Amino acid sequence: MAKNTHDVIVIGAGHNGLTAASYMAKAGLDVVVLEKNEWIGGAAVSRELYPGWKYSNCSYVCSLLRPEIMRDLELYKYGLQIIPYEGSATMMRNGDYYAHYHDHDMTINSIRRHSHKDAEAYERYSRDVLRQCKIIKPLLKMTPPDLTSFKPKDLFGALEFAKHFAAKDELGGLGEKEIYDTIRFYTMSIRDYLDEYFESDITKAHLAGSAIIGTALGPCSPGSAYVLLHHYMGEVDGSVGAWGYSRGGMGSITKAMTGCLKAHGGEVKPDNEVVNVITKNGRAIGVATKKGDEYYAKKIVSNLDVKRTFLKITEESSLPGEFVERVKNFKIRGSSGKLNIALDGLPEFPCIPEGDPGGGGDMHFTETIEEMEGAYDDWKRGEWSRNPYVDMCIPSKSDPTMVAPGKHYMSVFIQYVPFNLANGGWNEERKQEFGRHIVDCIAEFSPNFKDLINHYEVRTPLELDNEVGLTEGNIFQGELTMDQLMFNRPVPGYAQYRTPLKNMYMCSSSTHPGGGVMGAPGANAAREVLIDMNIPQTGNYY
Amino acid sequence: MNRDLRFTALKKTPFHSRTSLASRTNKYYNWNGFTVPTEYSTTELEYTAARNGTSVMDLTPMCKYMINGSNANKFVDYLVTRDLSQMEDNTVAYIIWCNEDGKVMDDGTIFKFSNTKFMLCCAVKIYNWLHDSAEGFDVSFEDATDTTAALAIQGPTSCSTLKNYGAEDLELLKPFGMKQYNINGYDVLISRTGFTGDLGYELWTDPANAENMWDSIMEAGKELKIRPFGMHALEMTRIEAGFIQTNTDFMAAEGSLRPVRMRSPYEIGMGWLVHLNKESYFVGKRALKKEKETGNSERCLVGLDIDGDKPAVGSVIYNEKKEDIGIVTAAMWSPTMKRNVALASLKRPYGIKIKENIFAEIYHPEELEYKKIWAKCKVVKRQFFSPERRNKVPADLYE
């Protein structure tokens, strides 16, 4: 049994853990990151499961990762390059398609083929959603104030929060009407929201996709409009809402972060699962690993979701009972699956004209909101959606590093897939049955698709839970609903990255501002640790 | 309707039939009297091609001169500030040249075939200057601008693309090396040079080969993320690489209306190309020697890393007392580095001895009003981005 001492231990080498670790190492601390898997990256990984094909096994596209973080950690030096999407498309059963493009006016021209009114409504819609993005952007970097506290920090924080909510700096201030709009937006369903702008089913279905990805809400569920915002508030170089691929797969992000961490003297230890947080007199002082080693540190930062952190690796007796209850009630329902497919060539999708940049990014085949809600109804019954919503893309169309020239890698994200499968739960046979079902669904739109398949990896919420460590397979490490956002995330009173245990912190997506490969929870948590250690912070993020 | 051919409008390059077909936006500009695309589809995607795949740019409008004659090597060494006496055959060198007052006229590349044959590529027309400078040398000049078609093929997969096109063993070509090929029945000169700061090549051929070369390269790069690339994207990559642009970052000496705008090599970060210990005389040597000895250079051209994400286009640079100390000559948000960078011409000692407490006043347009941003700047190395693959031998291949 080895005993190791560091300034900081980070539990879990996901993107937030590595972001937090890198910021702390840059500030001069001796940081070690302990990772249970033999590989690094959490849900931002690129693994070669079939020779010659690199997959983005879990997360697959990048937009939310804060540019300030990429800048501060100099991720380009360690190989990170973002490749913007060219467009997106929804294929229709009548052989037509609906597409969005990198160029706004091309998008308008495209929508107009389906509805003249929608094409113009899209201008108003874009403005309103962009306004919401501008409002939320400064909030992402903030530690949420505790609204019940009278500490000067929280009082000023609440004022700051209110100021941003009125978009004083970003937009020169909002009027009463716009503030009401914002509040409505945060609580509405995406169906109701889109109905206020658009008439055609296909426009609404294409746009609503972003509101259901990763969430256990349907398009008619209140709160789903916010999920759309969560997917729009990222950017690719000032193009708000744009998405891109990470060159070499999502693993390139965590690989680059690891590069930064190491350059500043930090260390990642894969294959070192933390099984217990060692406490003494209400303080966290170290961790024990499955291998039997002990690590001690001044500060411990957990990148595991709040349930895993406090219900699995921390003794319940060292925590306040009410806190434990709240953590148990934290909603973290898995709702998504994924297929990673090794293809021998480029599949044809006859709905989309050859060379149309609309086929260069995400592709879908859900034509109405009702279909989407139907897919959600299956999930509620504990079944995978018979007619699922898929977000599929072929990164190798843009990225030359995933596979050999001429070969292709396809990522298919599937909504909805339950964690607790009805009638006996998941087993290998049912997992493969699910995989075959998705392949069949795609093949309806691509005649040569099945013939090109060399191999595919099927991921259900169960794999996300077991392998990656996302409880119930929830990709956001906790549902993105108002009761679990900002000062409520993960638990009211503990939204400032600190925990009931002194010297123990949280940096996972279970904390503000939530999921997606954003890095903000990690950077925010690092800031709080550095404040508590009286270490000055520098950089563009703070 | 037939046009009277004595009237010469903007010229079309031998690639025009292809570049115009590839253009989805119909955006063109006038480069040295030629019509070439500023943008084909979206600048962001074109830029990405140069950092991710292969970008293709029509370089034909570049001024190109053949320098022939028994004194060609001596003449070239006399013309430019850099010592080229040791330059090997089949290599390329980056050069600048000055007028007698030691003020920079232009920068460019010189291709050496042999002691008696060179090619000079540059931005500003120099045919007349070459003749004026050639007194006493046995040299002759040929303006090859219209008679040489040129393409820049740049980006991480560019070597693989060109190998598919037929350039055997290209991965072994060193940076600033060049090699003569015969591909599809035409002579093609390939040099490992470029303006993007990445792995990349430039191809020089007979205009009659232009369309075949374009088509064959596009086919060769089909699976290697190839994309035509316009002037706007080139501007982005060259800023990241820290390359200077005549009449953007400094005024060409012979073109400056205001004598105070002329710059010496020391004032635009090109001092490293001035070899005062070169045995023979070169144009401007006397003035440059004096400037070096007295240390009276007035300006400098530096890289700036600027706070925030709003590009400091055209910004005035101030010290902490709000005194004007210079101007931004080129600025951008770098998509690769996620940094707000700029090239700036500063009044010394700013940029040389004083590198802190420098500010850019940025006017960011916001729906018919300007947001004034007072952004802190750091003086940094002008070469912002230089990936390892740029100079790697053998070059990266994608197979």
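Nothing in this text is a laboratory measurement; each read-out follows from the coordinates by a stated rule. Note that the structure is a prediction, hence the values are computed from the model and not measured. Positions of Cβ are generated from backbone atoms using ideal geometry, with glycine treated the same way; all protein chains shown enter the neighbour counts.
Assorted remarks:
- Electrostatic dipole magnitude of chain A [Cβ: Lys, Arg +1; Asp, Glu -1; Cα centre; debye, to 20]: 1880
- Label point 7 Å beyond Cα of residue B:8 along Cβ direction - residues of segment B:134-151 with amide nitrogen under 13 Å: B:143-147
- Among the GluC sites (Glu not before Pro) in segment A:1-103, those located in a DSSP loop and surrounded by at most 13 other Cβ atoms within 10 Å of their own Cβ are A:38.
- For the cross-link pairs A:137/A:177; A:307/B:338; A:26/B:338; A:3/A:280; B:103/B:381; A:407/B:163, the ones whose C-alpha atoms lie over 25 Å apart are A:307/B:338.
- Calculated mean residue ellipticity at 222 nm for chain A: -10000 deg cm²/dmol, from DSSP H runs with n ≥ 4 weighted as -39500 (n - 2.57), summed, divided by the residue count and rounded to 500.
- Label zone at residue B:322, where the point sits 7 Å out along the Cα-to-Cβ direction: segment B:343-379 residues whose backbone N lies under 19 Å: B:357-364, B:370-377
- Shape call, segment A:169-227: gyration tensor on alpha carbons, a/c limit 1.5: prolate
- Cβ-based charge dipole, the protein assembly as shown, positive-most Cα from A:25, B:69, A:102: A:25
- Peptide B:41-54 - average C-beta neighbours from other chains (10 Å radius): 5
- Cross-link partners of residue A:298 among aspartates and glutamates, defined as those whose alpha carbon lies under 13 angstrom from its own and excluding same-chain residues fewer than eight positions apart: A:7, A:30, A:532.
- Rh by Kirkwood over Cα pairs, then Stokes-Einstein D for segment A:292-364 at 1.306 mPa s and 10 °C, µm²/s: 89
- Annotation note: GluC sites (Glu not before Pro) in segment B:346-377 located in DSSP loop regions with a Cβ neighbour count of at most 15 within 10 Å are B:356, B:367.
- The three principal axes of the Cα atoms in the protein assembly as shown give end-to-end lengths of 96, 63, 61 Å, sorted in falling order.
- Phi-based couplings in Hz for segment A:19-27 (Karplus 6.51, -1.76, 1.60; Gly and Pro marked x): 5, 4, 4, 5, 4, 6, 5, 4, 7
- Lys/Arg +1, Asp/Glu -1 at C-beta; chain A dipole; positive extreme among A:276, A:4, A:139: A:4
- Kirkwood hydrodynamic radius over Cα pairs of segment B:1-119, then Stokes diffusion coefficient at 10 °C and 1.306 mPa s, in µm²/s: 91
- In this structure, the residue pairs whose Cα-Cα separation is over 21 Å, taken from B:321/B:353; A:141/A:255; A:77/A:299, are A:141/A:255; A:77/A:299.
- Amide N proximity, segment B:254-293 versus residue B:85 label position 7 Å along Cα-to-Cβ, cut-off under 20 Å: B:272-290
- Coil-residue chymotrypsin sites (Phe, Trp or Tyr not before Pro) of segment B:187-292, DSSP, other Cβ within 10 Å capped at 12: B:281
- Assuming charge only on the beta carbon of Lys and Arg (+1) and of Asp and Glu (-1), the dipole of segment B:298-382 about its Cα centre is about 480 debye to the nearest 20.
- Summing charges over neighbours of residue B:41, with a neighbour being any other residue whose Cβ is under 11 Å away from its Cβ, gives -2 when K and R count +1 and D and E count -1.
- Set of aspartates and glutamates near residue B:125 by C-alpha distance (under 14 Å), chain-local residues within fewer than 8 positions excluded: B:106, B:107, B:142, B:143, B:146, B:254
- Close amide-amide hydrogen proximity is noted between residue A:43 and A:15, each under 5 Å apart and 5 or more residues distant or on a separate chain (H modeled in the peptide plane; Pro and chain starts excluded).
- For chain A, the calculated P(r), taken from all Cα-Cα distances in 10 Å bins from zero up to the bin holding the longest distance, is 4, 19, 30, 27, 15, 4, 0, 0 percent.
- A Förster radius of 51 Å, combined with the Cβ-Cβ distance separating residue B:294 from residue B:222, puts the computed FRET efficiency at roughly 0.30.
- For chain B, a Gaussian network of Cα nodes joined below 10 Å ranks B:349, B:265, B:37 by mean-square fluctuation, and the top entry is B:349.
- Column: log10 I(q)/I(0), Debye, Cα scatterers of chain B, q = 0.06, 0.12, 0.13 Å⁻¹: -0.25, -1.02, -1.19
- For residue A:92, neighbours were defined as the other residues whose beta-carbon sits under 13 Å from its Cβ, and their charges (Lys and Arg +1, Asp and Glu -1) total -3.
- Under 5 Å, built H, 5+ apart or other chain: amide partners of residue A:479: A:331, A:332, A:333
- Along the axis of the charge dipole computed for segment B:298-382 (Cβ charges of +1 for Lys and Arg, -1 for Asp and Glu, origin at the Cα centre), the listed residues B:352, B:332, B:377 are led at the positive end by B:352.
- Our coupling estimate for segment A:29-35, obtained by passing each phi through the Karplus curve with A = 6.51, B = -1.76, C = 1.60 and θ = phi - 60°, is 8, 8, 10, 10, 10, 9, 10 Hz, Gly and Pro reported as x.
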